[in-house]
1. For segment 327-438, report the accessible area per residue in Å² (1.4 Å probe, heavy atoms, rounded to an integer).
2. Of Ala335, Ala114, Ala356, which has the largest mean-square fluctuation in a 10 Å C-alpha GNM of the chain?
3. To the nearest 10 degrees, how steeply does helix 191-205 sit against the main Cα axis of the chain, on a 0 to 90 scale?
4. Tell me the relative contact order for segment 196-301 as a rounded percent, counting alpha carbon contacts under 8 Å between residues six or more apart.
5. Where is the GNM fluctuation largest for the chain (alpha-carbon springs, 10 angstrom cutoff): Ala220, Ala64, Ala306?
6. Go ahead and set up a Gaussian network model of the chain, Cα springs under 10 Å, then flag whichever of His384, His96, His130 fluctuates most.
7. Where the centre of each part is set by its Cα atoms, how far does segment 98-158 sit from segment 265-291, in angstrom?
8. To test your reading of the geometry: what angle, between 0 and 90 degrees and rounded to tens, separates the Cα axis of helix 225-241 from the longest principal axis of the chain?
Amino acid sequence: MTDSKAEAFDAVDIIRTKRDKGTLSPEQIDWTIDAYTRGAIADEQMAALNMAILLNGMNRTEIARWTAAMIASGETMDFSGLRRPDGGLKYTSDKHSTGGVGDKITLPLAPLVAVFGVAVPQLSGRGLGHTGGTLDKLESIPGWRASLSNEEMMAQLQDVGAVICAAGAGLAPADKKLYALRDVTGTVEAIPLIASSIMSKKIAEGTGSLVLDVKVGSGAFMKDEASARELAETMVALGKDAGVNTVALLTNMDTPLGLTAGNAIEVEESVEVLAGGGPEDVVELTVRLAEEMLAAAGVHGADPAAALKDGRAMDVWNRMIQAQGGDPRAKLPAARESETVYAPADGVLVQLDALAVGIAAWRLGAGRARKEDAVQAGAGVRMHAKPGAVVRAGEPLMTLLTDTPEKFARAKEALEHAVVIAPEGSRPAQRLILDRIA
């Protein structure tokens, strides 16, 4: 602990200001982030401040300064040295999803955008709880590695055009410390803290443009559209204030994306999309986000759907996986045990709850309760029908996959109320893309 006499402010005064719905000055915010990173503010004090922010909010100026202070706590990256074959500047575009169930979109999206000469520096994370992690999925590919040096990342962006890897320890270290604290103190949902956490990393990463996929619904952190819209608008404003061309899509997460929720099985489904097939919703969202990323980077008139169909995106995927030590043709791990969940009645499947499926996949071993936990590459849930499908009693609805069969019971408990079947002729209300915010 640093001697408080040498500090410019007192943590208790700052907590009181937010507790009493006051506004923090830029100097107070800069000191708070720096002091917490150095250990001059104790965890219990920052936890109290986080709770005050959750309850009383922050204005746009405060959030922007908080984000800038987190960026300043570490290194920043610079992609201005990337060049196209003609010697011109190679533009960069990135995408961030706020997390969901079956959300494997990053896997086909990064190589798809790179087909059109836009570099994609995709710094991704691991899953926690019911939401899956991109790095966990990719680590099911034999040999693939998530950790790259900045030099390796730059070389791969120049050569391949796309990289999906873990953020380095030097990028926004204040955020890593704050995120861990929020996770155990019930303050994850604070919109100013979510927005600054995401945007500090993305701005420090140095991308020229950013497309945000803000999930709404049972399987998302934001359960209602109003909260998701507030988060999206806050992040778009932060990006634009920092000079990053930023847009956001609000997308539905009441139902899992695609027909798989897990790790290796989501890679398998992503490869199907890259081969020109795959579930309609995964293809639709991948293409729409690619269009947004390309437009944000100044590329117009491209046809991402065609690049999925004709194999160009698959070629970039293979090169991207190989560049990080993986074998794109290797057999993916498969779970040793499986159990089937059957349709309870005839009719139309009108609900398949994303949160329930996510929890089931987590309990089967596809996710983790703590950051240090290991995951099973083959575990997860394979879905055989999505809302809108006509089903018959006794038909398979889902296959549960795990290496540890004692996990089946609790996974099935999570799914008890996941499915709603209505009389034939019913039509579920399902819109994948709810709105665009720019």
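1. Working: 5960 Å² over 112 residues.
About 53 Å² of surface per residue is accessible.
2. Ala335
3. Helix 191-205 sits at roughly 90 degrees to that axis.
4. On the way: 118 pairs, mean separation 30.8, N = 106.
Relative contact order, segment 196-301: 29 percent.
5. Sorting by GNM fluctuation, first place goes to Ala306.
6. His384
7. Cα centroid of segment 98-158 versus Cα centroid of segment 265-291: 14 Å apart.
8. 50 degrees
The values are calculated or read from the model by the stated rules, or taken from the named source; none is laboratory data. This structure is a prediction, so every number in the text was calculated from the model and none was measured. Backbone-built Cβ (ideal geometry, glycine too); neighbour counts: all protein chains shown. Accessible surface areas use protein heavy atoms only, side chains included; no ligands, DNA or RNA. Shrake-Rupley method; radii C 1.70, N 1.55, O 1.52, S 1.80 Å.
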